[in-house]
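Structure, as structure tokens:
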Amino acid sequence: MFDFNGKVAIVTGGARGIGKCICEQFQKAGAVVCVIDLLDNNYYLGDLSDKATLEAFAKKVIADYGHIDYLINNAAPKMCGITEGSYEDFVYALNVGVTAPFYLSKLFAPHFAEGASIVNISSSRDRMSQPETESYTAAKGGISALTRALAVSLSGKVRVNSVSPGWIDNNYTVYEGADAVQQPAGRVGNPLDIADMVLYLCSDMAGFITGEDICIDGGMTKQMIYHGDNGWKLDKSEGKDN
């Protein structure tokens, strides 16, 4: 469906999960993929929270390929909450989840080819949350806002969009019962649901789309839930949903 022959794509956090799937789909479509991750990979091992690491990574990519076509800011920030999370935990999460995407966009700005695209991986948690997820939620809210700002600053040069996954099972587990039907689409998502949208947003088919966030959550954030609806109830005595 997609033809990315001769294109260079960067995927942060590309060694596993959604990021790995994005890499595989780009490679199937003919692109060269440059990964940066703390986990073992075939291009660059490094910590995205470190400024010098980002600079060295960018320098290597440009030395190897001379330009880039697509920057996919996918690396997941650390999740910690207000009870147990430290100042350092929160700062680290924002460095990985917001500062690194900003700085990589800045470092690569002079080297984007014509028709280039940035896709940031946000989350449906930028608009909804669970207890004790402050660092992750803040980082995802930040990258959603960053997407809109970059789209304006880089207008005419690079299209910038974000994708907000909902519940994505990296093992492609097929869920039944409540886990599936609580989502209007009737199932839990998988990495291909996200990767296909990323490639679409990078393609010429999405040439008139910039500054947008595409929420891919099976409709979960669109469904209003009230106590007693559809068999759902909140049992405060147990401190859990049923």
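Couple of notes before you dig in:
- Taking only the C-alpha atoms of the chain, the Rg (one decimal) and the largest Cα-Cα distance, Dmax (whole number), read 18.5, 61 Å.
- Sorted peptide list for 218-228, 186-196, criterion being average Cβ within 10 angstrom, highest first: 186-196, 218-228
- Each Lys and Arg adds +1 at its Cβ and each Asp and Glu adds -1 at its Cβ; summed about the Cα centre, the chain shows a dipole of about 540 debye.
- Ordering T221, S129, V119 by the projection of their Cα atoms onto the charge dipole of the chain, which places +1 on the Cβ of Lys and Arg and -1 on the Cβ of Asp and Glu, puts V119 at the extreme positive end.
- Residue-averaged 222 nm ellipticity for the chain, from DSSP H runs of 4+ at -39500 (n - 2.57), nearest 500: -10000 deg cm²/dmol
- Selection from V8, T173, G19, by position along the positive dipole direction of the chain (Cβ): V8
- The residues S153, S105, S86, S123, when put in order of fewest to most other Cβ atoms within 10 Å, stand as S86, S153, S105, S123.
- Value of relative contact order over the range 8-241, rounded to a whole percent, pairs C-alpha under 8 Å and six or more apart: 18
- Ordering S203, V35, S86 by the projection of their Cα atoms onto the charge dipole of the chain, which places +1 on the Cβ of Lys and Arg and -1 on the Cβ of Asp and Glu, puts S203 at the extreme positive end.
- Per-peptide packing, taken as the mean over residues of other Cβ atoms within 10 Å, places 107-113, 160-166, 29-35, 88-94 in the sequence 160-166, 29-35, 88-94, 107-113 from highest down.
- DSSP-defined beta bridges in the chain - what % are antiparallel, rounded to 5: 5
- GNM remark for the chain: springs join alpha carbons under 10 Å apart, and the peak mean-square fluctuation among G211, G81, G97 falls on G81.
- Under a Gaussian network description of the chain, with springs only between Cα atoms under 10 Å, the residue in S117, S203, S129 that fluctuates furthest is S129.
- Cα point-scatterer Debye curve for the range 95-145, base-10 log of I(q)/I(0) at q = 0.24, 0.25 Å⁻¹: -0.88, -0.92
- Of K60/K140; K7/K78; K60/K106, those spanning more than 25 Å from alpha-carbon to alpha-carbon: K60/K140; K7/K78
- Around the Cα centre of the range 1-88, unit charges on the Cβ atoms of Lys, Arg, Asp and Glu (plus for the first two, minus for the last two) sum to a dipole of about 180 debye.
- Choice from Y103, Y175, Y44 with maximal GNM fluctuation in the chain (Cα, 10 Å cutoff): Y175
Just so you know, all these numbers are worked out from the coordinates, no wet-lab data involved. All of these numbers come straight from a predicted model, not from anything done at the bench. No Cβ is skipped: glycine too gets one built from the backbone with ideal geometry, and neighbour counts run over all protein chains shown.
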